[in-house]
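Enquirer: Below you will find the structure I want to go over with you.
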Amino acid sequence: MSEAKTFRHGIHPPEHKELTAGRAIERIKFPDRVVLPLSQHIGAPSRPLVKAGDKVFRGQVIAEPGGFVSVPLHSSVTGTVVAIRKHHHPNGSLAECIVIDVDHTSAQTLYDGYARDWESMSSAQLLEEIRQGGFVGLGGAAFPTHVKLAVPEGKHARWLLINGCECEPYLTSDHRIMLEWADSILLGIKVMARILGTEKSYIAVENNKWDAIKALRDRIPADMPCELVPLETKYPQGAEKMLITAVLKKEVPSGKLPIDVQVVVQNVGTAAGIGDWFAFGQPLIERVVTVTGPGVVHPTTLLAPVGMSLAEVLTHCGGLTDDAREILFGGPMMGTPQQFLDVPILKGTSGIVCLTEGQLQQRQEYPCIRCSACLDACPVYLNPSSLGALARAGKYDDMIGQHIMDCMECGSCSYVCPSNIPLVQRFRVAKGLLREKQAREKAA
Amino acid sequence: MSNTTSRLVIATPPFAKRSVNTPMIMRHVIYALIPTVIAAVIYFGISALLLIVICTATCMLAEWLSTGRGPLFLSPVADGSAALTGILLALTLPPGLPLWMAVLGSLVAVFFGKLLFGGLGQNVFNPSLTGRAFLQASFPVALTTWAPPMGLREFLVLRGDSFALPFTRPVFDGLTAATPLAKMKFEGQATDWISMFYGGIPGSLGETSALLLVLGGVYLAWRGFLNWRVPVGIFLSVAIFASALHYSDPSRFPDALHHLLAGGLVLGAVFMATDPVSSPLTPVGSWIFAAGIGLLVVLIRQFGGLPEGVMYAILLMNAATPLIDRLTQPGIYGATKPVKEASKS
């Protein structure tokens with residue numbers, strides 16, 4: 001085993017990845033209906049270009065970007081637009097969605113599916129192509145990819161970092177993508193490296209995925225300036241800043257972006273999607289989703305169209321077990337709990353984790369005994385013990401001086417706390433209130 | 001599948017949780033003390049057993065009485081911290097101490113050492129040492145009258161006036177002996193380090209065997225329940241300061257080994273100074289804290305009026321902990337030069 005790099009602090013929760021790590025990506029059959037929210041990304045919602053009754057094709061643009069930080073939306077099926085209306089969104093809100101009934105007589109071939117001659121395109125053309133493909137970060141945050149690839153004036157990207165950490169427990173979609181779609185990933189990297197004009201690319205993979213490390217390493221052409229970096233398995237290594245520190249030994253200054261240290265980070269799934277877009281013209285209309293956890297009967301790695309409902313995905317996987325109590329979009333550390341089963345799979349839905357009664361038991365909270373486990377876990381070196389005391393006392397303003405706004409809500413502090421203090425939960429509340437207050441002050 | 005969601009609950013992440021909890025940490029500290037407790041009972045017989053039982057029971061009762069008096073398993077007594085306070089207090093006491101004094105010390109430890117500050121996690125000083133400091137100030141003679149260790153054969157022989165009535169003058173008719181530190185201080189006589197290391201010397205219940213204490217500490221550090229920097233730092237600091245004095249005048253000052261093994265140093269370094277509540281949070285803070293304790297121990301032992309200084313050294317550094325914490329706040333990830341936030345109020 002070669003020595004593995006990593007960042008300081010962090011935690012190593014039980015991985016539970018064996019449920020799905022060995023399951024090949026399985027394409028799910030098309031559902032009867034898809035629901036496509038206009039907002040599946042960070043930034044302005046897309047603006048619909050279709051109306052009820054319109055016939056649409058799989059891969060056709062049905063909504064245009066609502067601004068620079070926004071992406072177009074493509075139909076994930078061939079069918080008929082039924083309505084544009086409010087529907088349950090996985091983030092808990094009711095959001096505007098385009099509802100499309102699937103035409104089961106159609107062969108569901110790609111609209112406009114042809115290979116792009118990327119090697120003859122300029123950097124600006126490539127960037128525009130990526131924007132047209134509707135790409136967002138597939139690791140979970142769903143930030144528009146073209147925005148991250150558009151380097152601001154006066155800045156320069158020296159390194160492209162491809163994130164294959166998948167540090168959340170249970171999730172294995174990136175793992176499967178690396179095993180099965182290495183060529184798509186490498187093509188995506190070539191395109192992005194060209195757009196950015198980077199010196200070198202790194203693919204960072206945690207060493208609990210040796211098969212993926214080997215698969216990718218073997219595929220990297222000798223003349224490609226790309227290196228596979230095995231990392232120690234640790235959470236939250238998939239966080240951009242932690243990843244940059246692990247691979248390049250650089251710290252992103254507080255309040256700044258990776259580009260300020262000449263780095264752009266993209267997820268492996270995003271790279272694979274971009275590869276497929278240039279190879280055969282498939283925009284971001286489907287994604288790999290890990291459906292897993294003790295609460296689902298048959299854990300599976302699915303390739304599902306964006307917009308398919310949670311209920312149908314679960315039915316495909318044998319349904320929920322009797323003791324299932326919590327369904328998360330994303331992993332158990334930072335995922336979003338779901339209340340309704342009709343919510344659609346989004347571009348950024350990396351996994352559906354179903355947890356059971358036993359995993360949710362209420363734990364008695366004890367007083368903080370200042371054991372400093374949270375200080376040793378916090379990846380951004382905050383003092384959660386002291387912040388927790390301030391949050392409990394409602395002294396939110398004092399938390400600013402202790403850098404609460406640098407907290408990335410990874411939940412490591414809550415994970416380690418022997419007194420079961422809901423630290424990150426309180427920090428989320430505090431940050432929300434502080435942001436509201438700042439907005440009010442700005443408005444006044 | 002219907003859209004029925006009645007059995008789903010909405011909780012907040014993270015849903016993964018380390019299995020370690022606070023009562024478990026307390027329990028394991030108590031387990032780590034078991035060898036020392038057994039050794040104390042073997043060396044000092046029934047007097048030691050009575051002291052340990054009485055201190056532990058009084059501390060638990062005091063906690064229970066003052067925090068709601070509900071069912072035991074629901075009250076703060078269940079977290080084990082009161083029991084631990086009692087055991088640790090007993091281990092700092094001389095074997096023949098009248099039991100009514102032990103009861104009084106336990107009450108002070110729990111009420112004034114912990115509950116007055118707001119309970120577990122809030123106290124500035126180590127509760128056991130608070131109790132012991134009170135006893136030391138109130139009953140200096142009883143607290144410095146040491147019975148010699150004997151074998152198991154004399155198990156039932158009381159080592160002092162254990163059953164003395166409250167506020168009467170205890171009678172010490174049994175044998176008394178001098179601790180290695182007292183011998184050194186008042187008679188200039190050294191004790192060989194082997195007996196100090198393995199045990200069987202006059203002293204408090206928990207002071208006799210350095211080996212058993214260190215074993216307990218190693219176990220706790222291995223399980224991650226003990227901040228190893230504190231004992232290691234204290235030992236280093238004592239060794240450095242004691243050696244400096246020793247080499248300046250070997251006839252006046254004993255060597256580092258004597259300081260390390262004699263008295264309550266190992267007990268204090270491993271089990272008292274490491275109390276997380278009253279010690280600093282950060283690694284840098286822990287080193288400063290430990291260095292301070294080591295320096296104070298050597299200063300008090302060599303230049304103070306008392307032969308032993310571990311208790312006061314720890315209590316003084318407990319008092320300095322909030323200041324150390326303030327000065328050693330962790331520098332955050334990606335901090336830009338002056339970490340001054342424009343915190344407008």
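Enquirer: For segment A:216-232, just list the computed ³J(HN,Hα) in residue order, Karplus coefficients 6.51, -1.76 and 1.60, θ = phi - 60°, integers in Hz, with x standing in for Gly and Pro.
Expert: 6, 4, 5, 8, 5, x, 4, 8, 8, x, 9, 10, 8, 10, x, 10, 4
Enquirer: Taking 0.36 nm per residue of separation and subtracting the Cα-Cα distance, what length does fully extending residue B:228 through residue B:251 add?
Expert: This chain segment gains 4.9 nm when fully extended.
Enquirer: Sorted from largest down, give the three principal axis spans of the alpha carbons of segment B:21-177, whole angstrom values.
Expert: That gives 44, 31, 26 Å along the principal axes, largest extent first.
Enquirer: Now for a different question. How well do other chains shield peptide B:323-333, expressed as the mean number of their Cβ atoms within 10 Å of each residue Cβ?
Expert: Rounded to a whole number, the mean comes out at 5.
Enquirer: Follow-up. Could you give me the ³J(HN,Hα) list for segment A:325-339, computed from phi with Karplus coefficients 6.51, -1.76, 1.60 and θ = phi - 60°, whole Hz, x at Gly and Pro?
Expert: So the J values, rounded to whole Hz, are 10, 9, 10, 10, 8, x, x, x, 7, 10, x, 9, x, 10, 9.
Enquirer: I've got another one for you. Could you rank the peptides A:99-105, B:235-241, B:260-266 by their average count of other C-beta atoms within 10 Å per residue, with the highest value first?
Expert: B:260-266, B:235-241, A:99-105
Enquirer: If you don't mind, there's one more thing I want to ask. Using DSSP to define loop residues, name the trypsin sites (Lys or Arg not before Pro) in segment A:338-444 whose beta-carbon has at most 15 other beta-carbon atoms within 10 Å.
Expert: Counting only loop positions with at most 15 other Cβ atoms within 10 Å, the trypsin sites (Lys or Arg not before Pro) in segment A:338-444 are A:363, A:395.
Enquirer: Now for a different question. Provide, for q = 0.06 Å⁻¹, the log10 of I(q)/I(0) from a solvent-free Debye sum over equal Cα point scatterers in the protein assembly as shown.
Expert: Debye intensities relative to I(0), on a log10 scale: -0.50.
Enquirer: Quick one: Cα centre-to-centre distance for segment A:51-95 and segment B:56-123, in angstrom?
Expert: If we compute the Cα centre of each part, the gap is 65 Å.
Enquirer: Based on Cα coordinates alone, diagonalise the gyration tensor for chain A, multiply each eigenvalue by 5, take square roots, and list the semi-axes in whole Å, largest first.
Expert: 33, 27, 23
Enquirer: D for segment A:373-443, whole µm²/s, Stokes-Einstein with Kirkwood Rh over alpha-carbon pairs at 20 °C and 1.002 mPa s: what number?
Expert: Stokes-Einstein gives a translational diffusion coefficient of 177 µm²/s.
Enquirer: Next up: May I ask for the angle, rounded to the nearest 10°, between helix B:22-66 and the longest principal axis of chain B, with both axes built from Cα atoms and the value confined to 0 to 90°?
Expert: Value to nearest ten degrees: 30.
Enquirer: Moving on. Peptides B:205-213, B:281-289, B:20-28: what's the order by average Cβ count within 10 Å, highest mean first?
Expert: B:205-213, B:281-289, B:20-28
Enquirer: While we're here: Which whole-number percent gives the relative contact order of segment B:21-177, counting Cα pairs below 8 Å spaced six or more residues apart?
Expert: Reported as a whole number, the value is 28 percent.
Enquirer: Filter the trypsin sites (Lys or Arg not before Pro) in segment A:166-260 to those in DSSP coil with at most 15 other Cβ atoms within 10 Å of their Cβ, and list the result.
Expert: Counting only loop positions with at most 15 other Cβ atoms within 10 Å, the trypsin sites (Lys or Arg not before Pro) in segment A:166-260 are A:249, A:256.
Enquirer: Considering Cα pairs under 8 angstrom that are at least six residues apart, work out the relative contact order of segment A:262-310 and quote it in whole percent.
Expert: Contact order relative to length: 26 percent.
Enquirer: My understanding is that a pair violates if its Cα-Cα distance is over 32 Å; which of A:437/B:114; A:190/A:241; A:5/A:395 do that in this structure?
Expert: On the way: A:437/B:114 38 Å; A:190/A:241 23 Å; A:5/A:395 38 Å.
Beyond 32 Å between Cα atoms: A:437/B:114; A:5/A:395.
Enquirer: Round to the nearest 10 and give me the degree value, 0 to 90, for the angle of helix B:127-138's Cα axis relative to the longest principal axis of chain B.
Expert: 30 degrees
Enquirer: Which value in deg cm²/dmol, rounded to the nearest 500, describes the helix-derived mean residue ellipticity at 222 nm for chain B, given -39,500 (n - 2.57) per DSSP H run of n ≥ 4 and division by the residue count?
Expert: Estimated from H runs of four or more residues: -16000 deg cm²/dmol.
Enquirer: Right, another one. How much net charge surrounds residue B:60 when only other residues with a Cβ under 13 Å from its Cβ are counted (Lys, Arg +1; Asp, Glu -1)?
Expert: Net charge in that neighbourhood comes out at 0.
Enquirer: Right, something else. In percent, what relative contact order does segment B:222-345 have, based on Cα pairs under 8 Å that are 6 or more apart in sequence?
Expert: Contact order relative to length: 28 percent.
Enquirer: Residue by residue through A:330-341, how many Cβ atoms from other chains fall within 10 Å of the Cβ on average?
Expert: 4
Enquirer: Per-residue Cβ counts within 10 Å, from other chains only, averaged over A:412-420: what number is that?
Expert: 5
Enquirer: For segment B:178-327, report the % of Cα-Cα distances exceeding 18 Å.
Expert: For segment B:178-327, the fraction of Cα-Cα distances above 18 Å is 54 percent.
Readers should treat all values here as calculations from the given coordinates under stated rules, not as data from a laboratory. Because the structure is predicted, anything quoted here is derived from the model rather than measured. Counting neighbours? That spans all protein chains shown, and the Cβs are built from the backbone with ideal geometry, glycine included.
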